[in-house]
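As C-alpha cells, the structure follows; a few thoughts come after it.
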Amino acid sequence: MARPVANTRQDASRDTEVSRSNRLPLALRMATSVTISLLISAALVFAVEIVARGSFESTLTFLREPLRPGWTTIVFFALLLTCLDALLGRAHLALLITGPLVLAVAFISKQKAYYLGDPLYPTDFLYGAQIVELLPLLVRERPWTAGAIVVGGLVATALLVATWFYWRRRRPSMSRRERCLRLAFAVPVLAFFVSLMDYSSFSWARDRLQIVPMMWDQKENYAFNGFMFAFALNLPMANVAAPAGYSADAIQAVRTPTGIATVPAEKPDIIIVMSESFWDPTRLPNVKITPDPIENVRKIRSGHMFSPEFGGMTANVEFEALTGFSNAFLPYGSIPYQQYVRDKIPSLATFLNDEGYQTRAIHPFTRWFWNRGAVYDAFGFDRFMSEEDMPTLAKRGPLASDAALTEEIIREADSTKDPFFFFAVSLQSHGPYEPYRYTNTTHKVETTASSWTRESILTYAEGASDADKGLQRLIDWAKKRKRPTVIAFFGDHLPPLGPVYVDTGFMKEPVAARKGPLGEMSRQHETPLVIWSNRKGAVKNVGSISPAFIPLHVLRAAGMTHPFYTGFLGEVRERYRVVDRNMLVKPSNETTENWVKKGDSLDPVIRDFRYLQYDLMFGARHGIPGFFPEIGRGRRTS
C-alpha cells in the first residue's frame, strides 16, 4: 500500500533537518548543545529553587551572590544533562526526565518544610511506605486537593510521554563519536562533584566552588547551598564519623557514679505510654476550650518533655525515651530507627529483661512502620504487639481509640504473673485534624479565628481529652493493685495543626522554629509529662527535660539504679535538663547555643555523653562492661 503524501513529506523534511545537522562540524554542534544545556540548566535551577524556597527574592539572591554556589549548581546540572543526553542518544532529551523529577522532589521538600519545619533529606525516602500508609488520613482532610494532584499528575505524565516521542522523532540521533566525547568530558567532572559531598572532611576544591556544608543548621544549609547541593551533602549521613578524641582510653576515663544495677526486692511493674501528639491545646491564645480537655494530666503533671521534633518524627522521640541516647549527637535529619539500629542496642527493655521482667512493646499499627519490628527486637523486648497480632481495637474516628488501647494494656498486665515493662505508643490523635472527625463531641471551642480553625481545634481537643481519660483509667486501675506500679505518660511532640497556629497567633509560621530564644523553643516543643506510682503518687518538679532523661526519672521512681540510666545520665541531668542539637539548657535556664562548634571547649560531660553513645551505636563497645553489663549477658529466655 502507498504511504500517505503528508507522511512522506514529513519524513522528507525530518531527513533533511537531520542531514543538515550532521553536516555541521562536530565541535560546533557540541558547543551549541552545551550552550543550550547551560541555558536550560539555568532555567531549571531557577525553577527548582523557586519551588523549594517559595521565594522569588531568595532565589535571586542565591543565583546572584558570587559567594554562593548558584552558578556551580547550573554547571553541575548542565554536565548531568550532557551525560544523560549521551546515554539517551538525543540532545536535550534528558530534560524530560530530569526536570519533572527534581521539580517534584523540590515540591515535596517544600511541603515537608510547611508541615514539619524541615526540608527533604535523602533518608526521608526510607520511610516512603509510611507516607503511603498515612495517605487516607491526608486525603480525608483535603479530598479536593488530593483529587487535583492525582488528575494533574496523570495529565502531566501524558504530556511528558507525548513530548518524549515527539522529540525523539524530530531530533537527530547523536553519532557514537559524539556520545563518547560527551561522556568522556562529563563523567569525570561529575565524579569530581560526587567526591566533594563528604562533609566530614575539608575540601579545598569545594571551598573554592562556594559549597559550604552547614550540617548543624539544615535550614541555613539549604538556603545557602541551594536545594540540590544541600540535599547531596546529606547523602553521607548514614556514615557517622567518630567524634574527635574517641578511643578505648577515652571510654575508660568516663566516670560512672553508680557501679552496679540494683532493683527493689519487690520489683515494680512499669508502664510507659507515649501518647501521639499529646499537648495542652489551652495554650493556644485567644481560644477557650470547655471543659478542660486535659484536666487529669494537669492535676498530676510532673513536668514537661522538651521534644526534639515538631509535628512528626515520632520514632526519634521514642529512640531517646527508650535508650537514654540523644538525637543531638546524630546527623541532622537522620532517623535512628531506619538507619542505625542494626544490632543489639541497650535500652530500658534490655536492662529490665535481664532483671527478670517481661518486656512488651504495644502499638495498634503495622509492625513495619518506622521499622519498629526489627528495632524492638534489637532493643531487647520479648514481644511486640502490633495490629497484626493483637485483638482488633475499637476505633474513635479513623484510628484505634486510646480507650481501647488502655483496656488492652490492662488486660495484658492482669494476665502477666512476672514483673513487666510495657512500652505503649498510642495512635488515635495522629494528625491531620480535619474538622468533624468525631461524632458526639463533648467539648466547646470559642475563638475569634475562622470556623475551620475552630473545628480543627475541636477535633484535636477531643482526641487530647480521650488520651487524658485513658491515663486516668490506667491510674485508677493501678491504685487497686497490690504490686507496686510506675506509670509514665507524655506526648511525643506538638500536634501538626499547621494553619491553626498562625490563625490563633500561637506562632508566625505553621511549624515551629528550630532555633530561637529558650522561651520560644519551650513553648513550641514542650509536651506534658507525668510520672506516677501507686505507692508515692505523682513525681513532682521534674522540670522540662529532653526525652533522653525519661529513663532516669522512671527508674528513680521505681527505686532502681543502673550504671548508665541513673548513674551517668543522673550526672548529665545535674548539669543539663535539655540536650538538643541547637542548644544545651542548664537547670538554671542558662543556654549554650551552637554547642557543636565548641570543639575542645565543650563541657566534658557532654563530650563523654557523645563518646558513650558513639561507642555503643557505632564503635567498638568498650563501654559495655562498665555501663551496660546486661548486653554481655544476653537476653533472658521466658
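The values are calculated or read from the model by the stated rules, or taken from the named source; none is laboratory data. Model, not experiment: these values are computed from the prediction. Backbone-built Cβ (ideal geometry, glycine too); neighbour counts: all protein chains shown. What goes into the accessible areas is simple: the full protein's heavy atoms, side chains included, and nothing from ligands, DNA or RNA. Shrake-Rupley method; radii C 1.70, N 1.55, O 1.52, S 1.80 Å.
List of remarks:
- Those residues of segment 37-52 which are farther than 23 Å from Ala186 by Cα and open to solvent by 40 Å² or more (accessible area, probe 1.4 Å), in sequence order: Ile50, Val51
- Candidates Ala467, Ala512, Ala449: the one that is in contact (Cβ under 8 Å) with a residue 12 or more places away in the chain and under 20 Å from the mean Cα position of the chain (by Cα) is Ala512.
- So Val605, is it over 28 Å from Leu494 (Cα atoms), surrounded by fewer than 20 Cβ atoms within 10 Å (Cβ to Cβ) and not assigned by the TED database to the domain that holds Ser307: yes
- Residues of segment 171-200 that turn out to be within 24 Å of Pro331 (Cα to Cα) and of a type in the set (Val, Ile, Thr), as a count: 1
- Residue in segment 338-353 that is within 12 Å of the chain's Cα centre (by Cα), open to solvent by less than 20 Å² (accessible area, probe 1.4 Å) and of a type in the set (Val, Ile, Thr) present: no
- Pro391 being outside any helix (DSSP H, G or I) and crowded, with 20+ Cβ neighbours inside 10 Å: no
A quick yes/no check of all residues on (1) closer than 21 Å to Phe227 by Cα; (2) part of a helix (DSSP H, G or I); (3) at pLDDT 85 or above; (4) not assigned by the TED database to the domain that holds Gly312:
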site	(1), (2), (3), (4)
Leu138	no, yes, no, yes
Trp144	no, yes, no, yes
Leu160	no, yes, no, yes
Arg169	no, yes, no, yes
Pro188	no, yes, yes, yes
Phe193	yes, yes, yes, yes
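- Answer residue from segment 419-441, given it is without any contact (Cβ under 8 Å) to a residue 40 or more places away in the chain and farther than 16 Å from Val500 by Cα and is farthest from the chain's Cα centre (by Cα) among those: Asn440
- Within segment 437-479, the set of residues being in contact with an Asp or Glu (Cβ under 8 Å, 6 or more places away or on another chain), buried (at least 22 other Cβ atoms within 10 Å of the Cβ) and either farther than 17 Å from Asp292 by Cβ or among the polar types (S, T, N, Q) (or both) comprises Arg437, Thr453, Ser456, Thr459.
- Lys586 vs. criteria open to solvent by 20 Å² or more (accessible area, probe 1.4 Å), of a type in the set (Lys, Arg) and not assigned by the TED database to the domain that holds Thr485: yes
- Pairs where the first residue, in segment 82-103, is under 21 Å from Ala31 (Cβ atoms) and of a type in the set (Ser, Thr, Tyr) and the second is modelled with pLDDT under 85 and assigned to a helix (DSSP H, G or I), C-beta under 6 Å, 6+ apart: Thr82/Ser37
- Residue in segment 379-388 that is aliphatic (A, V, I, L, M) and over 27 Å from the mean Cα position of the chain (by Cα) present: no
- The residue of segment 517-549 that is surrounded by the most Cβ atoms within 10 Å (Cβ to Cβ), among those that are of a type in the set (S, T, N, Q) and outside any loop (DSSP other than H, G, I, E, B), is Thr527.
- Picking from residues in segment 394-436 that are charged (D, E, K, R) and not in a helix (DSSP H, G or I), the one that is least open to solvent (accessible area, probe 1.4 Å) is Glu434.
- Total residues in segment 274-310 satisfying the condition of being in contact with a helix residue (DSSP H, G or I) (Cβ under 6 Å, 6 or more places away or on another chain), outside any helix (DSSP H, G or I), open to solvent by less than 10 Å² (accessible area, probe 1.4 Å) and more than 22 Å from His553 (Cβ to Cβ): the figure is 2.
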